[in-house]
Amino acid sequence: MIKIKALVSSLFISLSFSLLLVSFANGQVSAIEVQGRETLSSPEVDFSYQAIHGLIHFVLDPDDPANASVTDLQHAPVNEQGLVEYSADFKMLVPDASIASDTLLYNVNNRGGSRLPPEESLSHPLSGLGYTYLVTGWINEIEARDGRLRLHAPIVGSRDNPITGPVRYEVSVESAANDVNIAGGGHLAYAPVNADFSDATLTRRLYQSDPRVPVERSEFSLRLEQLPDSNQPLISLHLQDGLQPGYLYELIYQARDPVLAGAGMTGIRDLLSLIRYGGEAESELASLNLPEIEHAAAWGISQSGRLLRQFVHDGFNADLQGRIVFDGIVPIIAGGGYGMFNNRFAMPTRTNGQHSNHLYPNDLFPFTYGSSEDPYTGSRNGVLARARADAVVPKVMHIQTSNEYWLRAGSLPHTNPEGTADAVLPQEVRFYTIGGSQHVNRDGLPRNSGRGQIADNHNHWSPISESLIVAMVDWIAEGQQPPPSRYPRLADGSLVPSHLNGQINPQAWRPIPGINHPGVMYQPVHASYGPRWESEKIIDQHPTASDHYYRALVPAVDANNNDLPSATILPPLTSVPLGTFVPWNLRSQEIGAPRSLVRLLGGYIPFAADAGSTRQSGDPRSNLDSLYDSGDDYLQQFEAATDALIEQGYLLPDFKGRYMAIARQNAGQL
């Protein structure tokens, strides 16, 4: 257990709540406000970390060409020096000198939340490696809560000359309700041009392909609440007859006062530049007792991984002097997309899916890290194109589960957009697909949330991604090659269409009696957002449909419907299975729209105990008696599979105990 020792000396109190003013001639970090420190220690280890949190103040020069990628920067308010001011919350974990390394790991927080390895436990396999950890707020649209890291960006435009435009909010609930936050729980929206929302329209439909049915204006209302410490309001939708589970409610109205959302990425860039290369604020950083930082890598999970792809694509991996920011990036479960992170009326937390949020401008060309051609525009581009032109290409580890293939177009980063050929991976890129797993890591023990038609996928895969983060550090700091890419490919038949002629492809799923399988999967589209989208990232129109699909594919499966060990990295729970770890799950009747896939959820179907049970049910899969002689046999096979992952470089040895503890709990089923 970690003991947290607060430093409460009068010297610390005067320091931690003071403003450490820092002048920066070229316009980056203007002040560091340390608001607290504490020591993370444990009797189980002989090292500690200093946990520091506070606020970083920044300025941006609208005339600096290095800032030209920031949407609407020219419309942001400026101070007397002609610079745009903003700030971001931060936290930093600094290792003590006995273990300190020369590597900084930046974690892109997810919706303001971040739990770093030393915060989880000082016995975590990464805690003793001595990395310095840094997290900053990069999202403006989230509510203030304890521990939540936020961006504090200015509104662009002015009171006398506000910027306006159409905004679209797609709302769905999983249980009946009369009221709902249009931006999602804990999230904020944009103020309306008309205070009474008189121009607002609302439609409803059950499935994406259904026609939109207008809701009479008299049947719904909208309530705006201005919260303290935020320049975006909370807006709630009230529907007179109630919102029904599974239905998609699409709200559109004219909004005003967008924020400078792209400042989230410039803040990351400029703080990393200060830490790595110094400058006029170097003496103030020294007061934080940072070790000498020679290397920097970043990892982000889900939305945060998409931010890393866009960070590099939009040119932010070069600082204002053209130096590299991150030597390596590790997008985890990001799928094929980016996000609404740097556009007018940005909505950074929106995620496209098969059932909902399908037409937001998130999953866009280019998908691949190397160059590819868009079949709908003829343009050529790649995620790394800008970084290559600027000579700041980072090493990349793209890590995802098989769930991202079904629900987040995970194949498109390693095929052409038509899904007809494997893409050539640049030499700086590795791909790792974790098989038999869903988007959210679980503890390895069976569970059922009731959201899906089958039990939840409970696979425990995070030790693999965390081990690969260490491999990234070894790659950028020591030049040690990481383990080889492992992912499904068209060339060897391990990457296949989910459906053929409207029917499930048996290479992707072999039907099981009594189990419904998907009729569709998520396919991104090329759509029109108006004449200013491509050049200015301004949405002038919200599309309602598109038939320009990019073709996403899925991993092939074995006779038990589990992913292939040759094409995916299998956690030992899947390579030594007690059932089928399904990368998708259909929505239950209770949450509505049962023909659609549950957002980011997988499933699990246990094997029958013996041959008699499989014959009775017609289940074509193996049974437990045919796979294992006893619980001890299962444990021996499980341990061998875990050791193989360690030998191959996909798992740190210190994670073995965690997996074996899960195996011992599950062995009781035999």
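Summary table
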{"item": "Charge dipole of the chain about the Cα centre (unit charges at C-beta), most positive-ward option of Ile268, Met92, Gly602", "result": "Gly602"}
{"item": "Shape of the range 289-358, Cα gyration tensor, a/c cut at 1.5", "result": "prolate"}
{"item": "Projected label distance in nm at Asn448 and Gln321, using a 7 Å step from Cα toward the beta-carbon", "result": "6.1 nm"}
{"item": "5 angstrom amide H check on Thr580, placed H, neighbours 5+ away", "result": "Ile605, Phe607"}
{"item": "DSSP beta bridges in the chain [antiparallel fraction, %, rounded to 5]", "result": "75 percent"}
{"item": "The range 475-505-the range 353-403 distance, computed between alpha-carbon centres (Å)", "result": "16 Å"}
{"item": "Those aspartates and glutamates that a straight Cα-Cα span of less than 18 Å connects to Lys395, excepting residues fewer than 8 apart in one chain", "result": "Asp102, Glu294, Asp314, Asp319, Asp327, Glu428, Glu466, Asp474, Glu478"}
{"item": "Solvent exposure ordering (accessible area, 1.4 Å, most first) of Asp492, Asp390, Asp629", "result": "Asp629, Asp492, Asp390"}
{"item": "Charge sum, other residues only, whose C-beta stays under 14 Å from Val473's C-beta, Lys/Arg counted +1 and Asp/Glu -1", "result": "-4"}
{"item": "Inter-label distance, nm, simple model (7 Å from Cα along the C-beta direction), Glu80/Asp625", "result": "8.7 nm"}
{"item": "Difference of contour (0.36 nm per residue) and Cα-Cα distance, Asp654 to Arg532", "result": "38.8 nm"}
{"item": "Rounded percent of accessible protein surface that carbon and sulfur make up, the chain, 1.4 Å probe", "result": "49 percent"}
{"item": "Per residue, in Å², the accessible surface of the chain once ligands and nucleic acids are set aside, probe 1.4 Å", "result": "38 Å²"}
{"item": "The range 345-480 shape via C-alpha gyration tensor axes, a/c threshold 1.5", "result": "oblate"}
{"item": "Spin-label model distance (nm) - Asn289 vs Ala97, 7 Å beyond Cα toward Cβ", "result": "1.0 nm"}
{"item": "Environment charge at Ala508 (Cβ cut-off 13 Å; Lys +1, Arg +1, Asp -1, Glu -1)", "result": "-1"}
{"item": "Net lengthening on full extension, Ala421/Asp229 (0.36 nm per residue, minus Cα-Cα)", "result": "64.1 nm"}
{"item": "Neighbourhood net charge (15 Å Cβ-Cβ; Lys/Arg +1, Asp/Glu -1) for Pro211", "result": "+1"}
{"item": "Estimated FRET transfer efficiency (Arg595, Ala195; beta-carbon r; R0 56 Å; 0.05)", "result": "0.90"}
{"item": "Within the range 314-424, percent of DSSP bridges classed antiparallel, to nearest 5", "result": "60 percent"}
{"item": "Three-way shape label, the chain, alpha-carbon gyration tensor, a/c 1.5", "result": "oblate"}
{"item": "Cα centroid separation, the range 61-90 to the range 185-225 (Å)", "result": "32 Å"}
{"item": "Extension gain (nm, one decimal) between Ala559 and Arg217, 0.36 nm per residue minus Cα-Cα", "result": "117.8 nm"}
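The values are calculated or read from the model by the stated rules, or taken from the named source; none is laboratory data. The model shown is predicted, which means the values in this text are computed figures rather than measured ones. Neighbour counts run over all protein chains shown; Cβ positions are idealised from the backbone, glycine included. Calculation scope for accessible area: heavy atoms of the full protein, side chains included, ligands and nucleic acids excluded. Shrake-Rupley method; radii C 1.70, N 1.55, O 1.52, S 1.80 Å.
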